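Asks: Sharing a structure here in structure tokens format.
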Amino acid sequence: MRELSSDKASAQSEDAPSITPTKSNDVTDKLDVKSLTKGELLAYCAEHGWPRFRADQLFQWLYQKGVHEFEDMTNLPKKMREYLQENAFINRITPSLEQQSKDGTIKFLFQLNDRQENDKIEAVLIPDFYPDGAANRLTVCVSSQVGCVFACRFCATGKMGFFRNLSHGEIVDQVQYINEVAMEKYGKKITNIVYMGMGEPLHNYTAITQSASIISDPLSIELSPKRITVSTVGLTKQIKKLADEEQPFNLAISLHAAIDDKRDKIMPINSSMNLVQLKQAVQYYYQATERTITYEYLLFDEFNDSIEDADALACIVGWAPSKVNIIMYNNVAGVALHRAREDRLDYFMNRLSKHKIQATVRRSRGDDIDAGCGQLAIREGTPRGKSIA
Ligand code: SF4
């Protein structure tokens with residue numbers, strides 16, 4: 001683990017404006033340009049008489065080159081830079097802690113500009129390597145909220161409660177910073193993004209869809225939407241909305257139990273949106289998009305790892321092409337659920353295979369660095385926010 005008191009981190013910290021990540025702040029009332037979508041940035045430039053290509057240049061400086069000062073945007077006219085300097089600012093998050101696991105996983109703790117007690121979020125870089133040791137997939141797991149309202153029993157973030165949504169700019173910032181780390185460390189840009197960090201992504205629908213759209217823009221990191229996955233505990237209305245809006249990225253369902261009684265016990269959301277309703281929403285999504293759905297299933301010792309559980313899981317996922325990730329749980333302090341035993345994992349996988357379910361075991365990454373979401377932020381000490389349970 002290292003505190004980021006390096007030049008890079010401290011320079012960013014000094015430069016960062018002491019303001020809230022909104023369009024105005026209590027000190028200067030300046031506009032946060034990163035709170036604008038690409039369309040809004042275009043409109044803002046048009047309002048000021050700057051042609052469209054200037055908006056594109058500004059967007060590119062913000063999201064591709066990662067510049068933090070208007071004066072460094074050298075291809076913008078001096079007058080435009082001066083105007084922006086006086087009337088706008090570039091809000092950003094500041095890396096404050098970095099932990100690297102022996103398996104290569106790196107966890108980042110970021111400080112937001114809230115000046116609140118609960119102003120930390122986490123993101124993780126998960127590298128996969130070729131046999132020769134070169135980096136293959138570089139997946140970033142990003143946070144979408146500070147804390148989370150849904151209180152899943154196995155989740156460290158769920159213990160925090162909910163404090164606030166992240167803006168799309170704050171979500172893109174996590175990706176941009178980690179992309180820079182990937183370039184420095186592995187000489188290549190990130191290859192995949194999963195919205196599976198702190199928070200329930202579909203509970204912050206607008207920011208996550210806007211951030212995914214920015215990340216896949218050719219003037220930004222330009223990551224294909226096919227490489228972006230949004231996970232949800234099962235917000236049925238928003239799953240249907242993704243389909244209706246033809247959002248181009250992938251959907252993953254955090255299922256974790258396929259029997260209502262058991263899911264009720266570990267995921268309070270299931271009491272109001274049960275497995276039948278969830279399946280209906282996913283069917284609606286599949287009919288509209290024909291995209292393979294991914295299901296995430298944390299395997300807990302003697303809780304959801306029986307033959308009966310495997311049969312129930314096959315029923316829930318087997319009606320259409322799907323991918324099932326059986327995840328070996330990173331134990332969390334104070335949580336009574338534990339990682340399943342290897343022999344029970346084998347029985348479970350064999351049973352799924354009999355049902356012809358395509359399932360992959362995902363070994364936990366970064367056990368030695370508390371890589372489970374929320375573990376770092378919680379350890380840093382936060383009081384409890386809002387929660388549904
Ligand atoms: S698992 Fe996801 S939805 Fe559940 S409490 Fe944790 S962050 Fe929230």
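Asks: Compute the separation of the alpha-carbon centres of segment 316-334 and segment 202-227 and state it in Å as a whole number.
Replies: Result: 24 Å between the Cα centres.
Asks: While we're here: Go ahead and set up a Gaussian network model of the chain, Cα springs under 10 Å, then flag whichever of Val317, Val276, Val124 fluctuates most.
Replies: The residue that fluctuates most here is Val276.
Asks: If you stretched the chain out fully between Tyr347 and Asn325, how much longer would it get, using 0.36 nm times the residue separation minus the C-alpha to C-alpha distance?
Replies: 6.4 nm
Asks: Quick check: residue separation of Ala333 and Lys185 times 0.36 nm, minus the Cα distance between them. What number comes out in nm?
Replies: Gain in length upon complete extension: 50.2 nm.
Asks: Segment 108-157 to segment 254-296: how many Å between their Cα centroids?
Replies: Using only Cα atoms to place each centre, the spacing works out to 23 Å.
Asks: Could you work out the Rg to Rh ratio of segment 290-370, with Rh taken as the Kirkwood radius (inverse of the mean 1/r over all Cα pairs)?
Replies: 0.99
Asks: Could you tell me, in Å, what Rg and Dmax come out for the Cα atoms of segment 47-116?
Replies: 16.6, 53
Asks: Next question. Kindly express, to the nearest 10 degrees and within the range 0 to 90, the angle between helix 342-354's C-alpha long axis and the longest C-alpha principal axis of the chain.
Replies: Around 80 degrees separate the two axes.
Asks: How large is the direction-averaged shadow of the alpha-carbon convex hull of segment 140-210, in nm²?
Replies: Value for segment 140-210: 4.9 nm².
Asks: In Å and on Cα atoms, what radius of gyration and Dmax does segment 114-155 show?
Replies: 15.6, 45
Asks: Debye sum, Cα scatterers, segment 115-269, no solvent: what log₁₀ I/I(0) at q = 0.10, 0.16 1/Å?
Replies: -0.37, -0.92
Asks: Something else now. Kirkwood hydrodynamic radius, computed over distinct alpha-carbon pairs, for segment 236-389: how many Å, to one decimal?
Replies: Taking the inverse mean of 1/r over all distinct Cα pairs, segment 236-389 comes out at 16.7 Å.
Asks: Still on this structure, I have one more. Rounded to the nearest 0.05, what FRET efficiency do Lys241 and Ile388 give with R0 = 25 Å and r taken as the Cβ-Cβ distance? Could you check?
Replies: 0.80
Asks: Express the relative contact order of segment 94-379 as a whole percentage, based on alpha carbon pairs under 8 Å and six or more residues apart in sequence.
Replies: It comes to 18 percent, rounded to a whole number.
Asks: P(r) for segment 54-158, please, calculated from all Cα pair distances in 5 Å bins and given in %.
Replies: In whole percents, the pair-distance histogram is 2, 10, 14, 14, 14, 15, 13, 10, 6, 3, 1.
Asks: Based on a Kirkwood Rh over C-alpha pairs, give the Stokes-Einstein translational diffusion coefficient of segment 218-262 at 37 °C and viscosity 0.692 mPa s in µm²/s.
Replies: It comes out at roughly 266 µm²/s.
Asks: Tell me which lysines have Cα within less than 20 Å of Lys240's Cα, excluding those fewer than 8 residues away on the same chain?
Replies: Partners found: Lys226, Lys279, Lys323.
Asks: Oh, and also: Quick check for you: which residues of segment 334-366 have the amide N under 17 Å from the point 7 Å beyond the Cα of Asp311 toward its beta carbon?
Replies: Correct set: 347-357.
Asks: Using 0.36 nm times the number of residues separating Tyr83 and Gln280, minus their current alpha carbon distance, what extension gain do you get?
Replies: Result: 65.8 nm gained on full extension.
Asks: Listing Asp368, Asp173 from the residue with the fewest other Cβ atoms within 10 Å to the one with the most, what is the order?
Replies: Listing Asp368, Asp173 from fewest to most nearby Cβ atoms yields Asp368, Asp173.
Asks: Farthest toward the dipole's positive end in the chain, which of Ser211, Val33, Met80, given Cβ charges of +1 (Lys, Arg) and -1 (Asp, Glu) about the Cα centre?
Replies: Ser211
Asks: If each of Thr292 and Phe129 carries a label point 7 Å out from its Cα toward its Cβ, how far apart are those two points in nm?
Replies: Reported label-point gap for Thr292 and Phe129 is 2.7 nm.
Asks: Still on this structure, I have one more. Checking a compactness column here: for the chain, what do you get for Rg(Cα) / (2.2 N^0.38 Å), N being the number of residues?
Replies: 1.01
Asks: Enumerate by residue number the GluC sites (Glu not before Pro) in segment 179-237 meeting two conditions: DSSP loop (anything except H, G, I, E, B), and at most 16 other Cβ atoms within 10 Å of the site's Cβ.
Replies: When the GluC sites (Glu not before Pro) of segment 179-237 are filtered for loop state and at most 16 Cβ neighbours within 10 Å, Glu222 remain.
Any read-out appearing in this document is the output of simple, stated calculations on the displayed coordinates, not a laboratory observation. Here the structure is a predicted model, which is why all the values come from computation and not from measurement. When we count neighbours, we look across all protein chains shown, and the Cβ atoms used for this are built from the backbone with ideal geometry, even at glycine.
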